[in-house]
Amino acid sequence: MPATQTVPAAARMFLSGNDAVARAVWEAGTRVAAAYPGTPSTEILEVLSRYAGLHTEWSVNEKVAMEVALGASMVGARAFCAMKHVGLNVASDALMTMTVTGTEGGLVIAVADDVGMSSSQNEQDSRYWGRFAHVPVLEPADSQEAYAMTLAAFELSERLKSPVILRLTTRICHVKGVVQTGERVEVEPKGFVKDPRHWVMVPGNAKPRLPSMFEREAVARAEAEASPLNFRIEGSDRRIGFVTSGPTFMHVRDAFPDAPVFKLGLSCPPPLESLRRFAATVDTVLVVEETEPLLETEMKAAGIACHGKDVLPRIGELAPDVLEPAVRRLRGEAVPEPEHVPAQQVFPRPPTMCVACPHLGVYYTLSQMRNVIISGDIGCYTLGAGHPWNALDTCISMGASMGTALGMDKGRGKADENKKVVAVIGDSTFMHMGMQGLLDITWNRGNVTVLLLDNRAVGMTGGQDNPGTGRDIHGEETARVDFAKLCEALGVKKERIHVLDPYELPVLFKALREETKIEEPSVIITNRPCVLIDHYEPATSYTVEEDRCTGCGNCVEVGCPAIHVTRRDKVVKASGKEVDLSFVRIETSACTGCGLCVQPCAPEAIVHARPVQSVQSVQFVRK
Amino acid sequence: MSKITNILVCGVGGQGVMTATEILAEAAISLGFDVKKTEVAGMSQRGGVVTSHLRFGDVVLSPQIAPGEADLMIGFESAEALRWSHMLRPDGVALVNSGRIVPPVVNLGLFDYPEDPVSQMRALGLTVHAFDASSLAIELGNIRLGNTVMLGACADRLPFPAEVLRDAVLARFGTRKPQLVEANREAFEAGRRAVAGEALAAS
C-alpha cells in the first residue's frame, strides 16, 4: 500500500462509487475514517488511506470501526466508517446506542449491500437500520450522487446531531462514472464537552434522551418532504408512475424514459406526503426497490395504493431486463420473445484457490481424513468447500467456526460420537470475531481442533494488512500479534499449540491426526503467507516427466490450477475394479514451485523444470 | 436520446479484463462522452468469471447492458465468449481470443470444455472474429501483452478512430513503464492485423 500521495485537484474524474465517497469524505474535512475490509465496500478506505490530512485505519472489526468514528465525533471531529452489509450487523450494538446519544462532529456510516450477492454469504437490506435506529438514510444512484450525497450526509448529520447512513450497493460501489469533484475544507473540532447526561448511557441518563430520537426523526421527515434529494420527473406516459431509489432509478429511467418517476435520495424517513401527491397524478404506482418491500409496505400502511413485490422479484438486482417484462405484465400486455440468442450452457467457473496457495495443503490434508466435521469461516479458505477437496462443512458469519464447532461438540449424539470436530479460520477473521469463540471453547472445555490459517493478509478482499502482519493501513510497521502466545493466553495449553508449514504435508497430517485424537482444545497455526501479497517469493517451478506419470491423479486432488489433465484412461485392476486414470502436465509458467503436488506423486514424476527464461502467465499474477 | 454504444468485455479473473475496459473507458472520456463502466468482480482474482460492461454516449443512465444489447463483445477466453453470447445484439460482433483457460472443475472430469466454442457461436448466427491473442502476445515476448492485443483487435470496430484507443493504451504504459510502450504499440497493431486478416479469410 503506497503512503499518502498528493491528492489530485478538483476536476472531472472517472470514479467508482467507492472512489467518489472517499473523495467526498476527504473534501468534507473528515479527521478520522475507519473500516474493516469487505466486498463491495473495501476500496473506500483503500483510497482514503492515500489522502493526507486525516487518520485512516483498518479496524479489527466493523463494531470497533464504528466506535472509533463515534469517539472522533464526540470530540467534535467529522468522522466516517465504512462496512459491507453484514458488517453493520456486527456494528449494530454501537449504532443502537449511538442513536440515543446522538453525535457531535458529523458522522457518516457508509454501508454497502451486496445486492446480487457477488461475494457475500447473504443478501440483506441495510435500509432497515435507518428505521430501526431512527437515523436518516441517503441512497445515491451513481458515482456523482455518491459524491454529492456524502457531502450532504455530513451536513445533515451536524444539523440533526445524528449519525447518517449512506446506503450503497455493489452496483454503486463498483460502477465507474464521470464525477465533478471539489477541494477539501478544514473543519476544526470543537473539543470534548464532559456531560454524563449526554454520553454516559446508564438508564437514568438514557431514558430522558429517548424522546430526542423521535423529535429528531420528525425534523428529518419534514426535511425529506422538502429536500431536493427527493424529486419528481414528470413523464408523458402516466399509466405507471415509478417510485425508486439507488441504482434502480437509473434502470427505471433507462427502461421507461417517458414514465413519471419519484426519486428518493433522502429515503428515510420516507416523504410519505410527497409520495401521496405523486400517486394522485398517475394511474398506478409501482415501487421499484431491491430486496425487501420496505417502502412499499410503508406506503401501503399510509394508505397509498401501490404495486411492488407482487410483480417484481424479491431477490437480486432489478436491471432493465428484469423490469421490462414485469411492467408489461402489470399493464396486461404480452411479453415478446427475446430476439437475441438464448443463453448457452457452459461449465461453471467458480473462483478457485491460487497456484501455490498455502490453503491447498490444508484442504488436501483435510480431504484425506475420515470422520471429521469441519466447521468453516469466511475468507478465501471458504473455497475449501468446493472441488476437489469438499473439506469444509459450514460457513455462517465472521468467526462462527469457533462457536459452531463447540456447539457441534457439545450437542452431538450417537450418530456423531466417533467424529472429530475441526474448525478452520483465517488470521484476520480470527482477530475480527474468532478470538472470543476460541475463549469460549477453552473456558467450556470443548474438544475442538482449530486450524488457524495465518497467511498474513486479508486475502479475499485483496491482501490488506491486519494486526497479524505488523503493518498498518499505510504499510508502516506497528505492533504485531503473536498468534501462539495469543492462543495460549486464551487458555489453550502450550503443548496443544503447533506452528507449522502447510507446504509440508506429512507434518500437517501428523499434527492433525494427533490433535484430533486428544480430547481437549488444540490450535494448529499454519504460517505460509498469501501468494498474492507483495513480499511473496516464487521458487523454481515444476514439470511432469510424461513417461513416468502413471495417471494416478493424486496431484489433481491437491486442487492447484497449474495442474492440467492432458489425457484420461481407464484400467481394470486384478481385483476386477475399474480405475480412472488422469495423466497430467504442469503449466510451468504459472507454477511457483511450492512443491505440494510433488508429495503425493507416487512415481516421482514431478521434477524441477529446467531453468528457462520465465514467462509469467496472465493468470493468477498480481499487478 | 442519442445512440449509446454497449461493449461487453469477458474473460477469466487475472486476465486483465477490467484494465482493458478501463482503457476503453479512458478513450471514450477523452472524446467527451458520458461513460459508465460496471463489473461483477467480487472474487475475480480467484480465476472466476469476469464480465465488464462499458456504455458510452451523450448521457448514460443504467450502467448495465441488457441481454441482446451489446454492440461489441471482446472475449478474452473462448468458453467465456460462448457463455455470454446471449448478451450480443443479433447484428453485433464478437472478437474472441481462441486461447483457452481450462478450470479445475474440467481437469477433475466433472464438466467438459466445449469442443469448439467459436464454431458454436457462429452456428448461432453470430458474427465472430477469432484469433490466438495469447500466442501473439507470447511471440511478442510477454503473455501479459494479451490484453493490448485484444484492444488492438477491437480498435477498428469503435465509433471513434483507432488512434484514440491506441493513445489511451500507450498513455497508460507511458507513465508507469516507459520501456513497455514499444511492445504495447506492436501488440496493439498485431491485434488490429489479426482481426483484419481473419475477417478477410472469413469473407
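Pairing residues of the range A:561-588 that are more than 18 Å from B:D112 (Cβ to Cβ) with residues that are among the acidic types (D, E) and outside any loop (DSSP other than H, G, I, E, B), at Cβ distances under 7 Å and at least 6 apart in sequence or on separate chains, gives A:V572/A:E578.
All of (1) surrounded by fewer than 17 Cβ atoms within 10 Å (Cβ to Cβ); (2) touching a residue at least 24 places away in the same chain (Cβ under 8 Å); (3) among the polar types (S, T, N, Q) hold for A:S401 with one exception: (1).
Based on this model, can you work out whether A:G376 counts as at pLDDT below 95, out of contact with any Asp or Glu (no Cβ under 6 Å at 6 or more places or on another chain) and closer than 30 Å to A:P538 by Cβ?
It is false that A:G376 is at pLDDT below 95, out of contact with any Asp or Glu (no Cβ under 6 Å at 6 or more places or on another chain) and closer than 30 Å to A:P538 by Cβ.
The single residue among A:A65, A:A77, A:A94 that is among the small types (G, A, S), under 22 Å from A:F192 (Cα atoms), part of a helix (DSSP H, G or I) and out of contact with any Leu (no Cβ under 7 Å at 6 or more places or on another chain) turns out to be A:A65. Go through the residues of the range B:173-181 one by one and say whether even a single one is modelled with pLDDT of 90 or more, outside any helix (DSSP H, G or I) and over 15 Å from B:N97 (Cβ atoms). No, because not a single residue in the range B:173-181 is modelled with pLDDT of 90 or more, outside any helix (DSSP H, G or I) and over 15 Å from B:N97 (Cβ atoms).
Table: residues versus (1) modelled with pLDDT of 95 or more; (2) farther than 20 Å from A:V362 by Cα; (3) assigned to a loop (DSSP other than H, G, I, E, B); (4) not polar (S, T, N, Q).
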{"residue": "A:Y503", "(1), (2), (3), (4)": "yes, no, yes, yes"}
{"residue": "A:K510", "(1), (2), (3), (4)": "yes, no, no, yes"}
{"residue": "A:R513", "(1), (2), (3), (4)": "yes, no, no, yes"}
{"residue": "A:I524", "(1), (2), (3), (4)": "yes, no, no, yes"}
{"residue": "A:C530", "(1), (2), (3), (4)": "no, no, yes, yes"}
{"residue": "A:H535", "(1), (2), (3), (4)": "no, yes, yes, yes"}
{"residue": "A:T543", "(1), (2), (3), (4)": "yes, yes, no, no"}
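Filtering the range B:49-85 to residues that are at the interface with chain A (Cβ under 10 Å from one of its Cβ atoms), assigned to a strand (DSSP E or B) and closer than 19 Å to B:P114 by Cβ leaves B:V49, B:V50. Scanning the range A:71-84 for residues that are buried (at least 24 other Cβ atoms within 10 Å of the Cβ) and out of contact with any Asp or Glu (no Cβ under 6 Å at 6 or more places or on another chain) yields a count of 8. Entry remark, the range A:330-341: residues being surrounded by 11 or more Cβ atoms within 10 Å (Cβ to Cβ) and either within 11 Å of another protein chain (Cβ to nearest Cβ) or within 19 Å of A:S118 (Cα to Cα) (or both) number 3 in total. Apart from one condition, A:T526 fits all of (1) free of Cβ contacts under 8 Å to residues at least 12 places away in the same chain; (2) in contact with a Leu (Cβ under 7 Å, 6 or more places away or on another chain); the exception is (1). Got at least one residue in the range A:373-394 being surrounded by fewer than 24 Cβ atoms within 10 Å (Cβ to Cβ) and closer than 17 Å to A:N61 by Cα? No; the residues of the range A:373-394 include none that is surrounded by fewer than 24 Cβ atoms within 10 Å (Cβ to Cβ) and closer than 17 Å to A:N61 by Cα. Taking A:G87, is it touching a helix residue (DSSP H, G or I) at 6+ places or on another chain (Cβ under 8 Å), surrounded by fewer than 24 Cβ atoms within 10 Å (Cβ to Cβ) and either assigned by TED's automatic domain parsing to the domain that holds A:V64 or modelled with pLDDT of 95 or more (or both)? When the stated conditions are applied, A:G87 does not pass them. Regarding A:K410, is this residue in the same structural domain as A:V362 (by TED's automatic domain parsing), out of contact with any helix residue (DSSP H, G or I) (no Cβ under 7 Å at 6 or more places or on another chain) and either surrounded by 18 or more Cβ atoms within 10 Å (Cβ to Cβ) or closer than 21 Å to A:Q368 by Cα (or both)? Here the answer is no, as A:K410 does not meet what is asked.
A quick yes/no check of all residues on (1) of a type outside the set (A, V, I, L, M, F, W, C); (2) in contact with a strand residue (DSSP E or B) (Cβ under 7 Å, 6 or more places away or on another chain); (3) in contact (Cβ under 8 Å) with a residue 12 or more places away in the chain:
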residue: A:S245; (1), (2), (3): yes, yes, yes
residue: A:D254; (1), (2), (3): yes, no, yes
residue: A:D258; (1), (2), (3): yes, no, yes
residue: A:F262; (1), (2), (3): no, yes, yes
residue: A:S267; (1), (2), (3): yes, yes, yes
residue: A:L272; (1), (2), (3): no, no, yes
residue: A:R314; (1), (2), (3): yes, no, yes
residue: A:P338; (1), (2), (3): yes, no, no
residue: A:P342; (1), (2), (3): yes, no, no
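Of all residues in the range B:138-174, those that are under 30 Å from B:D91 (Cβ atoms) and in contact (Cβ under 8 Å) with a residue 40 or more places away in the chain total 19.
Here are some residues: A:E515, A:E519. Which one is touching a strand residue (DSSP E or B) at 6+ places or on another chain (Cβ under 8 Å) and outside the structural domain of A:S41 (by TED's automatic domain parsing)? Only one candidate qualifies: A:E515. Determine whether the range A:586-598 contains at least one residue that is over 28 Å from B:G11 (Cα atoms), out of contact with any Gly (no Cβ under 9 Å at 6 or more places or on another chain) and modelled with pLDDT under 95. No, the range A:586-598 has no match at all. The residues on offer are A:F278, A:F249, A:F231, A:F242, and the sole one that is in contact with a helix residue (DSSP H, G or I) (Cβ under 8 Å, 6 or more places away or on another chain) and modelled with pLDDT of 95 or more is A:F242. The requirement of being of a type in the set (S, T, Y), within 14 Å of chain B (Cβ to nearest Cβ) and either farther than 20 Å from A:F132 by Cα or crowded, with 20+ Cβ neighbours inside 10 Å (or both) is satisfied by A:S119.
Listed here are the residues, each with its yes/no results for (1) of a type in the set (A, V, I, L, M); (2) in a loop (DSSP other than H, G, I, E, B).
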position: A:F278; (1), (2): no, no
position: A:V335; (1), (2): yes, yes
position: A:P342; (1), (2): no, yes
position: A:R349; (1), (2): no, yes
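Against the list (1) in a loop (DSSP other than H, G, I, E, B); (2) closer than 22 Å to A:F231 by Cα, the condition A:M149 fails is (1). Checked across the range A:357-368, the condition of being assigned to a loop (DSSP other than H, G, I, E, B), of a type outside the set (A, V, I, L, M, F, W, C) and in the same structural domain as A:D427 (by TED's automatic domain parsing) holds for at least one residue.
The values are calculated or read from the model by the stated rules, or taken from the named source; none is laboratory data. Remember, predicted model here, so these are calculated numbers, not experimental data. Neighbour counts are summed over all protein chains in view; Cβ atoms, including those assigned to glycine, are modelled from backbone coordinates with ideal geometry.
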